Amino acid sequence: MTADQRPTATGSPTVAGDATAGNATGQPPVGRTGEALSPTDPPLIGTPTAPPRHPTELRKTNVLAGRLSQGGSGPCYTLVTDDGREYALHGADKGTFATGTWVRVTTAPATAEVDCGPGIPVSILKMSQVG
């Protein structure tokens, strides 16, 4: 331990004059000048002049979320998303979901030989209840 350090209640040394050592004057610790930590100014972000050209929050295109308007034990379900789009989901052994259940579905392109009714046809890779 050097002359400018003293032990604290926990036994670890602190610099004399440190605000955490009981000096609540708001002054910088001994040896600090109070100058800025960086020699450059932070960049300024201006006000946007137009909406973004590309989406700012990239979402996976094969993940859907919404409410089941036709539930059951499968293999066909009907999903309605928040924007009103209806999807005809197909997936064997994906579980039993009651009509009205909110779900998140990872999808794949639909198989041509399956018809699950009205809506955009997609195959289910994974489906889980949310909320």
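When the residues of segment 27-73 are narrowed to those that are of a type in the set (A, V, I, L, M) and surrounded by 10 or more Cβ atoms within 10 Å (Cβ to Cβ), which ends up modelled with the lowest pLDDT?
Restricting attention to segment 27-73, the residues satisfying the condition of being of a type in the set (A, V, I, L, M) are 30, 36-37, 44-45, 50, 58, 63-65, 68.
Next, only the ones that are surrounded by 10 or more Cβ atoms within 10 Å (Cβ to Cβ) stay: 30, 63-65, 68.
Values: 30: 77, 63: 95, 64: 96, 65: 96, 68: 97.
Step by step, filter segment 27-73, then rank; the result is 30.
List, please: which pairs have Cβ atoms under 6 Å, are six or more places apart or on different chains, and start with a residue in segment 53-77 that is of a type in the set (Val, Ile, Thr) and end with one that is at pLDDT 90 or above?
63/106
Under 9 Å between Cβ atoms, at least 6 apart or on separate chains: pull out the pairs that start in segment 120-131 with a residue that is without any contact (Cβ under 8 Å) to a residue 60 or more places away in the chain and over 13 Å from residue 77 (Cα atoms) and end on any residue that is assigned to a strand (DSSP E or B) and aromatic (Phe, Trp, Tyr).
Pairs that qualify, where the first residue is without any contact (Cβ under 8 Å) to a residue 60 or more places away in the chain and over 13 Å from residue 77 (Cα atoms) and the partner is assigned to a strand (DSSP E or B) and aromatic (Phe, Trp, Tyr), are 129/97; 129/102; 131/102.
For segment 97-131, enumerate the residues that are modelled with pLDDT of 95 or more and of a type in the set (Ser, Thr, Tyr).
99, 101, 106, 107, 123, 128
Would you check if residue 81 is closer than 30 Å to residue 124 by Cα, β-branched (Val, Ile, Thr) and modelled with pLDDT of 70 or more? Explain how you work it out, then say what you get.
Working: closer than 30 Å to residue 124 by Cα: yes; β-branched (Val, Ile, Thr): yes; modelled with pLDDT of 70 or more: yes.
Against the criterion (closer than 30 Å to residue 124 by Cα, β-branched (Val, Ile, Thr) and modelled with pLDDT of 70 or more), residue 81 qualifies.
The values are calculated or read from the model by the stated rules, or taken from the named source; none is laboratory data. No experiment lies behind these values; they were computed from the predicted model shown. Heads up, the Cβs are rebuilt from the backbone with ideal geometry, glycines too, and the neighbour counts pull from every protein chain shown.
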